[in-house]
Amino acid sequence: MKKIYIGKKKYIFNEISSTMDIANFFIHTGIEEGTVVVAKFQTDGRGSNQRKWLSNGNDALFSIIMKPEISLMSTLPIISAFSIYKVLEKFIDTEIKIKWPNDVLVDGKKISGVLVENHIKTDNYSIIGIGININSDHKKNNTFIYPSVSLKELLNEKIQPLEIVEDVLKSFENIYNEILIGKLKISNLSDMLYGLNKRVAFRTNYKSFDRQSENAFYKIISLNDDGTLEVLDNNGKKISINASEIIT
Ligand code: BTN
């Protein structure tokens with residue numbers, strides 16, 4: 001199988017609306033898989049669930065253009081979160097967890113978020129947007145759902161965001177290629193899950209007869225290889241939930 005290289009081509013901007021917008025523009029110019037768009041500042045940074053992604057400066061803000069098989073698209077958030085996890089664990093002694101499907105938490109505080117936009121109409125492609133709090137200030141004005149934190153606040157020293165971007169791209173490249181050749185299985189990453197074996201509240205976006213709607217409490221069992229999450233519902237029934245079914 002052909003190895004996919006990530007970040008061989010990088011476009012670095014001082015200020016743009018969002019790296020997602022530029023990556024989406026580039027895809028229509030026939031750009032290579034693995035191309036990366038990095039921004040120092042975004043005027044319209046996007047988070048999941050129509051939220052804004054705010055960065056008051058010197059954070060890692062980037063998007064990776066991917067052209068995976070459609071069946072792999074649902075695995076991209078967890079592969080990305082795990083790639084970030086592997087880089088952060090080199091810097092931090094405190095507990096790092098992945099809040100499925102796309103948040104990375106340090107001691108329960110959000111340090112990074114992943115936003116994946118999949119396009120499956122004429123052209124099949126995915127844009128992975130990654131924001132990592134590197135030097136921003138989170139002690140006051142904490143407006144995220146979880147309390148948030150930056151690497152600088154954890155280490156008491158400034159870090160070059162581009163160094164972390166490079167590390168995450170390498171880490172993503174390794175992990176993605178290992179998944180492609182079957183050397184690594186997503187189900188083996190379950191230990192990193194926030195709330196493993198506990199009942200966790202999920203805001204679901206469906207109302208159906210056999211599953212709870214809105215705030216459902218599910219006991220987290222494990223990750224499935226397709227990136228879905230195996231949980232026990234309130235009746236003790238095993239179900240697999242897909243990231244598109246919940247509001248993150
Ligand atoms: C989340 O809500 O947790 C996902 C946040 C994703 C933010 C990143 S920053 C780089 C890329 N460009 C954006 O506009 N959003 C993503």
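Coordinate-derived values only; no laboratory data. Everything numeric here is computed off the predicted structure, so don't read it as measured data. All Cβ positions, glycine included, derive from the backbone under ideal geometry; neighbour counts span all protein chains shown.
Out of residues 5 or more away from PHE13 or on other chains, whose amide H comes under 5 Å of its own, with H placed 1.01 Å from N in the peptide plane?
The list, which skips near neighbours in sequence, is VAL38, ALA39, LYS40.
Taking amide hydrogens as modeled 1.01 Å from N in the peptide plane, which residues meet the under 5 Å criterion relative to GLY45, leaving out close sequence neighbours?
Here the answer is TRP53, since their amide H atoms fall under 5 Å of that of GLY45.
GLU95 versus ILE12, label points 7 Å from Cα toward the beta carbon: distance in nm?
A separation of 3.7 nm, rounded to one decimal place.
Tabulate in residue order the Karplus-calculated ³J(HN,Hα) for the range 108-125, using 6.51 cos²θ - 1.76 cosθ + 1.60 with θ = phi - 60°, rounded to whole Hz; enter x for Gly and Pro.
Result, ordered by residue: x, 9, 6, 10, 8, x, 10, 10, 10, 10, 9, 10, 10, 9, 7, 9, 9, 7 Hz.
Within the range 86-138, what is the number of lysine pairs with alpha carbons under 12 Å apart, leaving out pairs fewer than eight places apart on the same chain?
Lysine pairs, 8 or more places apart or on different chains, close enough: 5.
Filter the DSSP H helices in the chain by two things, a Kyte-Doolittle mean of at least -1.0 and an axial alpha-carbon span of 24 angstrom or more, and list the hits by number.
161-180
Quick query: amide H of LYS110 versus all other amide H atoms, modeled in the peptide plane; which residues come in under 5 Å with a sequence gap of 5 or more or a different chain?
Result for LYS110 returns SER148, VAL149.
When only C-alpha pairs under 8 Å and at least 6 residues apart count, what is the relative contact order of the chain, in percent?
Taking the mean separation of contacting Cα pairs over the length of the chain, I get 17 percent.
For ASN56 and LEU72 in the same chain, what is the full-extension length gain: residue separation times 0.36 nm, less their Cα-Cα distance, in nm?
2.4 nm
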